[in-house]
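We did not get these values from a lab; they are worked out from the coordinates using the rules stated. Predicted model only: the values in this text are computed from it and were never measured. Neighbour counts are summed over all protein chains in view; Cβ atoms, including those assigned to glycine, are modelled from backbone coordinates with ideal geometry.
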Amino acid sequence: MDYEQARFNMVEQQIRPWNVFDPKVLDLLYKVKREDYVPQVYRSLAFVDMEIPLGDGELMWAPRIEARALQALQLHGKDRVLEVGTGSGYFAALMAHQADVVVSVELRADLKEEADRKFRAHGLSNIQCRQGDAACDWAKDGNFDAIVLTGSTPLLPEAYLKRLSLGGRLFAVVGEGDAMEATLITCLAPATFRTERLFETRVPALKNVLEPERFSF
């Protein structure tokens, strides 16, 4: 398989047409080898417009979702980033090339260990991989300039808004079933936020997410 041709096709046929024009993001998609983070059995599908299974119902984002999320976050060299759900490790690797520190929290020990191995192999010493449940909050590492939830959540936990530094951005897919929207929230001032609804999508929910109240009659 010609990985470089497949990578070029991914960028030009999937990602650019989906309104990703930031040259820093596009350059990074060529630099960080996506095939190195895909499970070996699916490596030939690394550049296909699809979500790739990671086991136990979890999926790796499709390439265009990764690119749109990275473009929306607008990371800078001094940013501290929190990623909720390490998954394959690929999105953390992308962010690590733009940010100062990435704290990535994964519930599953097997995914955490595999991602950690990949980070070490690629010399990504600015990723701090943690094992734990961060679906509703992660208080152990303070505040962040950017937060990304890689699984969906029916309700956005207010705790994460409080973890944003001034000017901080939070990317999350919010909603249930067919009614999910990729959302970017920016902290403009203490307790003041701007919400942008970016696009509709559908991704599996984080384990142990904050659930809305259910009424029964």
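Here ASN9 and HIS122 are evaluated by their C-beta separation; at R0 = 25 Å the FRET efficiency comes out at 0.60. The modelled label-to-label distance between ASN19 and GLN131, using points 7 Å beyond Cα along the C-beta direction, is 4.0 nm. Does anything in the range 82-117 have its amide N under 19 Å from the 7 Å Cα→Cβ label point of GLN40, and if so which residues? Counting only backbone N, you get 88-90, 110-117.
Could you put PHE144, PHE21 in order, starting from the residue whose Cβ has the fewest other Cβ atoms within 10 Å?
The most exposed by this proxy come first: PHE21, PHE144.
Can you list the lysines whose alpha carbon is less than 24 Å from that of LYS31, not counting same-chain residues fewer than 8 positions off? Within the straight-line limit of under 24 Å, LYS31 reaches these lysines: LYS78, LYS112, LYS118. Shape class for the range 147-217: prolate, because the ratio a/c of the largest to smallest gyration tensor axis (alpha-carbon atoms, square roots of eigenvalues) is 1.5 or more and a/b beats b/c.
Percent relative contact order of the chain, based on C-alpha pairs within less than 8 angstrom and at least six residues apart?
Value for the chain: 15 percent.
Estimated from the Cβ-Cβ distance and a Förster radius of 45 angstrom, the FRET efficiency linking ASP27 and ALA139 is about 0.80. A straight chain from ALA179 to ASP110 at 0.36 nm per residue would run longer than the Cα-Cα distance by 21.8 nm. Relative to the dominant Cα principal axis of the chain, helix 109-121 is inclined by about 50°.
Take the chain, connect every pair of alpha-carbon atoms lying under 10 Å apart with a spring to form a Gaussian network, then pick out the residue of THR192, THR183, THR153 with the largest mean-square fluctuation. So, out of THR192, THR183, THR153, the one fluctuating most is THR192. Taking a ≥ b ≥ c as the square roots of the eigenvalues of the Cα gyration tensor of the range 31-83, is the shape rounded (a/c under 1.5), prolate (a/b larger than b/c) or oblate? Because a/c hits 1.5 or more and a/b exceeds b/c, the range 31-83 counts as prolate.
For n ≥ 4 DSSP H runs only, could you compute -39500 (n - 2.57) per run for the chain, divide by its residues and tell me the 222 nm figure to the nearest 500? Can you show the working numbers first?
Details: 6 runs with 52 residues, N = 217.
Rounded to the nearest 500, it is -6500 deg cm²/dmol.
Can you put VAL48, VAL41 in order of Cβ neighbours within 10 angstrom, beginning with the fewest?
Details: VAL48 16, VAL41 9.
By the 10 Å Cβ count, ascending: VAL41, VAL48.
Rounded to the nearest 10 degrees, the angle from helix 63-73 to the longest Cα principal axis of the chain is 50 degrees. Full extension of the segment from VAL48 to PHE193, taken as 0.36 nm per residue of separation minus the current Cα-Cα distance, would add 48.7 nm. Comparing GLU176, GLU58, GLU158 in a Gaussian network model of the chain (Cα springs below 10 Å), the most mobile by mean-square fluctuation is GLU158. With q set to 0.19 Å⁻¹, the log10 of I(q)/I(0) for the chain, from the Debye formula over equal scatterers at the Cα positions, is -1.62.
Distance from the C-alpha centroid of the range 163-212 to that of the range 127-143: 17 Å, rounded to the whole angstrom.
As a footprinting exposure proxy, order MET10, MET50 by other Cβ within 10 Å, with the fewest listed first. Show your work: numbers first, answer last.
Working: MET10 21, MET50 12.
Starting with the residue having the fewest Cβ neighbours, the order is MET50, MET10.
The HN-Hα couplings worked out from phi for the range 139-151 by the Karplus form 6.51 cos²θ - 1.76 cosθ + 1.60 (θ = phi - 60°) are 8, 6, 10, x, 9, 9, 7, 8, 9, 9, 9, 8, x Hz, whole numbers, x standing for Gly and Pro.
Comparing Cα centroids, the range 110-124 and the range 39-100 end up 13 angstrom apart.
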